[in-house]
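S.K.: First, the structure itself, so that you have it in front of you.
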Amino acid sequence: MSYSATRARVEDYFDRTATKTWERLTSDAPVSRVRETVRAGRDRMRELILSRLPADLTGMRVLDAGCGPGMATIELAKRGATVVAADISPQLIDIAELRLPHRYRDQVTFHAGDMLDPGLGRFDAMIGMDSLIYYTADDIGSALSELEKRVAGPIVFTVAPRTPALMLMWYAGKAFPRSDRSPVMIPHAHPKLARAAKASGVRRMLRPVDRVTSGFYISEAMELRP
Ligand SMILES: C[S@@+](CC[C@H](N)C(=O)[O-])C[C@H]1O[C@@H](n2cnc3c(N)ncnc32)[C@H](O)[C@@H]1O
């Protein structure tokens with residue numbers, strides 16, 4: 001129940017409230033100083049996540065889970081992968097489709113819907129940049145347990161780490177419930193998330209990779225490897 005309620009809030013936020021903001025943030029268009037730091041941090045995080053996959057992805061089927069406007073999708077396709085780019089926001093999927101250079105069209109399938117949909121099939125690797133940051137530890141554990149059954153190779157994703165700054169923002173968000181129903185990130189510490197993953201039946205070890213901090217952008221990459 002908690003997963004579908006969070007997903008509904010996320011969809012509402014990205015598909016209606018924040019579509020334009022995300023379209024701009026993920027383009028070359030000028031943005032505020034604060035958003036510039038977020039953009040720079042996100043660029044570093046995308047590079048970090050992609051560095052966990054083989055340089056040559058030819059012959060590999062990769063899931064870009066919660067692809068948003070598709071920045072990582074393009075990079076995966078450039079490296080030769082066959083990509084399934086899934087996002088719960090049909091509007092962001094439209095933007096991702098429009099932005100994909102024509103030469104990669106045959107390599108990418110877009111899916112407007114849940115990234116955990118078993119109908120998407122089996123994969124050699126998965127990335128999920130900032131797409132699980134709104135979910136509880138138990139929901140992330142269950143999601144990883146589902147994904148582990150269908151992803152043969154690395155599963156690399158990010159969480160909001162439990163830093164003092166993020167915890168402050170989180171408590172402020174709890175104290176002042178928002179009327180716009182925008183989803184609030186849930187910070188996680190690696191040991192508790194690893195326990196939740198194990199309790200959900202995840203067999204592989206959950207490992208922290210690295211953290212990126214850039215102004216208001218704070219995110220930590222983690223991975224499950226066979
Ligand atoms: C913060 S954005 C990041 C987008 C993209 N990964 C990037 O880094 O540019 C999070 C994305 O995850 C998507 N998302 C969250 N939960 C999802 C779910 N259960 N299924 C599919 N997409 C989801 C949202 O719609 C949103 O586009």
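S.K.: Between 11, 23, which is within 19 Å of residue 64 (Cα to Cα) and touching a Ser or Thr at 6+ places or on another chain (Cβ under 7 Å)?
M.R.: Values: 23 fails: touching a Ser or Thr at 6+ places or on another chain (Cβ under 7 Å).
Sole residue among the options that is within 19 Å of residue 64 (Cα to Cα) and touching a Ser or Thr at 6+ places or on another chain (Cβ under 7 Å): 11.
S.K.: Something else: Consider residue 97 carefully, then state whether it is more than 11 Å from the ligand (Cβ to nearest atom), more than 17 Å from the chain's Cα centre (by Cα), modelled with pLDDT of 95 or more and among the acidic types (Asp, Glu).
M.R.: Values: more than 11 Å from the ligand (Cβ to nearest atom): yes; more than 17 Å from the chain's Cα centre (by Cα): yes; modelled with pLDDT of 95 or more: yes; among the acidic types (Asp, Glu): yes.
Against the criterion (more than 11 Å from the ligand (Cβ to nearest atom), more than 17 Å from the chain's Cα centre (by Cα), modelled with pLDDT of 95 or more and among the acidic types (Asp, Glu)), residue 97 qualifies.
S.K.: How about the range 97-116: which of its residues are in contact with a Gly (Cβ under 9 Å, 6 or more places away or on another chain) and either among the aromatic types (Phe, Trp, Tyr) or assigned to a loop (DSSP other than H, G, I, E, B) (or both)?
M.R.: Passing the criteria: 100, 110, 113, 115.
S.K.: Is there a residue in the range 51-73 that is over 23 Å from residue 150 (Cα atoms), of a type in the set (Lys, Arg) and surrounded by fewer than 22 Cβ atoms within 10 Å (Cβ to Cβ)? Explain how you work it out, then say what you get.
M.R.: To start, the set of residues in the range 51-73 that are over 23 Å from residue 150 (Cα atoms) comprises 69, 71.
Retained after the next criterion (residues that are of a type in the set (Lys, Arg)): none.
No: the range 51-73 contains no residue that is over 23 Å from residue 150 (Cα atoms), of a type in the set (Lys, Arg) and surrounded by fewer than 22 Cβ atoms within 10 Å (Cβ to Cβ).
S.K.: Which residue out of 210, 180 is touching a helix residue (DSSP H, G or I) at 6+ places or on another chain (Cβ under 8 Å), modelled with pLDDT of 95 or more and acidic (Asp, Glu)?
M.R.: On the way: 180 fails: modelled with pLDDT of 95 or more.
The match here is 210.
S.K.: Suppose we keep only residues that are surrounded by fewer than 21 Cβ atoms within 10 Å (Cβ to Cβ) and in contact (Cβ under 8 Å) with a residue 60 or more places away in the chain within the range 98-124. Which one would you say is farthest from residue 57 (Cα to Cα)?
M.R.: Looking at residues that are surrounded by fewer than 21 Cβ atoms within 10 Å (Cβ to Cβ) and in contact (Cβ under 8 Å) with a residue 60 or more places away in the chain, I get 114.
S.K.: Could you list, in sequence order, all residues of the range 41-85 that are under 13 Å from the mean Cα position of the chain (by Cα) and in a loop (DSSP other than H, G, I, E, B)?
M.R.: 66, 67, 68, 69, 70
S.K.: Right, here's the next one. Just a yes or no: is a residue in the range 6-13 acidic (Asp, Glu) and within 9 Å of the ligand (Cβ to nearest atom)? Write out each step before concluding.
M.R.: Taking the range 6-13 as the starting set, the residues that turn out to be acidic (Asp, Glu) are 11-12.
Still in the list and also within 9 Å of the ligand (Cβ to nearest atom): 11.
Yes, the range 6-13 contains at least one residue that is acidic (Asp, Glu) and within 9 Å of the ligand (Cβ to nearest atom).
S.K.: Among the residues of the range 63-77, write down those that are over 16 Å from residue 25 (Cβ atoms) and either within 8 Å of the ligand (Cβ to nearest atom) or of a type in the set (Asp, Glu) (or both).
M.R.: 64, 65, 75
S.K.: Also: Looking at the range 210-226 only, could you name the residues that are surrounded by fewer than 16 Cβ atoms within 10 Å (Cβ to Cβ) and hydrophobic (A, V, I, L, M, F, W, C)?
M.R.: Across the range 210-226, the qualifying residue is only 216.
The values are calculated or read from the model by the stated rules, or taken from the named source; none is laboratory data. None of the values given here were measured: they were computed from a predicted structure. In this analysis, Cβ positions are derived from the backbone assuming ideal geometry, glycine residues included, and neighbour counts consider all displayed protein chains.
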